[in-house]
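Have a look at the structure below, then the notes.
The values are calculated or read from the model by the stated rules, or taken from the named source; none is laboratory data. Note that the structure is a prediction, hence the values are computed from the model and not measured. Every residue, glycine among them, receives a Cβ derived from its backbone with ideal geometry; neighbour counts consider all protein chains shown. To get the accessible areas, we keep the full protein, side chains included, count just its heavy atoms, and leave off ligands, DNA and RNA. Shrake-Rupley method; radii C 1.70, N 1.55, O 1.52, S 1.80 Å.
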Amino acid sequence: MTLAPHEQLPDHDRPPDPQPVAARVRRARTAPPWWFALPALLLFAFVVLVPSVRGVHYAFTDWDGLDPDFSFVGLDHFSEMFHDADAKQAIWHTLLIAVSITVVQNALGLLLALGVDTAIKSRNVLRVFLFAPAVITPIVTAYLWRNLLGPDGAVNSLFGAMGLGDWRQDWLGSPGLALWAVVGVTVWQFAGYSMVIFLAGLQSVPREVHEAAAIDGAGPVRRFWSVTRPLLAPALTINLMLSIIGGIKLFDQVYALTGGGPGHATDTISTLIYKDAFTLGEFGYSIALAVVLTIIVAVVSTGQYAVLSRNERAAS
């Protein structure tokens, strides 16, 4: 019996088509050798993961940081936080600073980016000067502003020279002003950083889109709101994530400017962790505070990323 060509039985003796084999070989050759990353992963595990896991363990003990003998206390440290007025105040200050820095820094960074995204001849020089504070070590910036904002510092001296003696304040010694002085110094340092990210987003917007909107009669404000703002969604997501996480973890500026004072007026979770660990010797309690800080960062950043990503997809 003779079969039609499309009815031919498969020939099991015929060698397999070499094309799929060659494709698999090419993929194997071009695939990244993941074992090259093994040394870095081992180092990361040794430096970060193992100490973090052990730290979580110490949060459930009464370890003082020195004595090798310690006891397991369960959730006592975490329940103590609900009755510790300093801890509750530090959590409130942390959230207040983080939200304030996020709002002001990004608003100012966006305005600066719009200002230097023009055809003025000095735009490159302005970008350098506005970004320069971001490359200075935060502790250096904090000590610089500590001198400027002191009772006899340059800020009060300038107000006195201008005849504005009533504006002279104890900026870092007043409980009502110290917290906002910390926010102002942090915004001054990192507004240029946000500006650079927004500027990259602005320069990625096609000029033809702006020209088409202008031809249709849209003014500058309307063009920004309807054209530029939706296309800046990725830059906004990055800036908000960086600023909120940085604000929650803020330590250097607070400790160098005020040390958490006056009293506990500017204490954050980070400064309280330091004081409890290295001043009071309560390492177990301080590590419990660090665990709470980690949870706050994870929850806030995850929730913020989910909302911003959804808005970003909707805008695109």
Pairs, first hydrophobic (A, V, I, L, M, F, W, C) in the range 227-244, second surrounded by fewer than 20 Cβ atoms within 10 Å (Cβ to Cβ) and outside any helix (DSSP H, G or I), C-beta under 8 Å, six or more apart:
Val227/Val205; Val227/Ala218; Leu231/Ser204; Leu231/Val205; Leu232/Val205; Ala233/Ser316
Of the residues that sit in the range 53-72 and are surrounded by 14 or more Cβ atoms within 10 Å (Cβ to Cβ) and out of contact with any helix residue (DSSP H, G or I) (no Cβ under 7 Å at 6 or more places or on another chain), which one is nearest to Leu289 (Cα to Cα)?
Phe60
Tally up the residues in the range 250-292 that are open to solvent by less than 20 Å² (accessible area, probe 1.4 Å) and not in a loop (DSSP other than H, G, I, E, B), please.
15
So which of Asp84, Asp152 is surrounded by 16 or more Cβ atoms within 10 Å (Cβ to Cβ), modelled with pLDDT under 95 and not basic (Lys, Arg)?
Asp84
Counting just the residues of the range 293-310 that are open to solvent by 30 Å² or more (accessible area, probe 1.4 Å) and touching a Ser or Thr at 6+ places or on another chain (Cβ under 8 Å), which one comes out nearest to Ala98 (Cα to Cα)?
Ile296
Sole exception among (1) over 30 Å from Val56 (Cβ atoms); (2) out of contact with any helix residue (DSSP H, G or I) (no Cβ under 6 Å at 6 or more places or on another chain) for Gly201, by number
(2)
Yes/no for Asp170 being over 30 Å from Thr266 (Cα atoms) and more than 26 Å from the chain's Cα centre (by Cα):
no
Name every residue in the range 145-183 that is under 16 Å from Leu257 (Cα atoms), out of contact with any Pro (no Cβ under 9 Å at 6 or more places or on another chain) and of a type in the set (Gly, Ala, Ser), in order of residue number.
Gly150, Gly153, Ala154, Gly176, Ala181
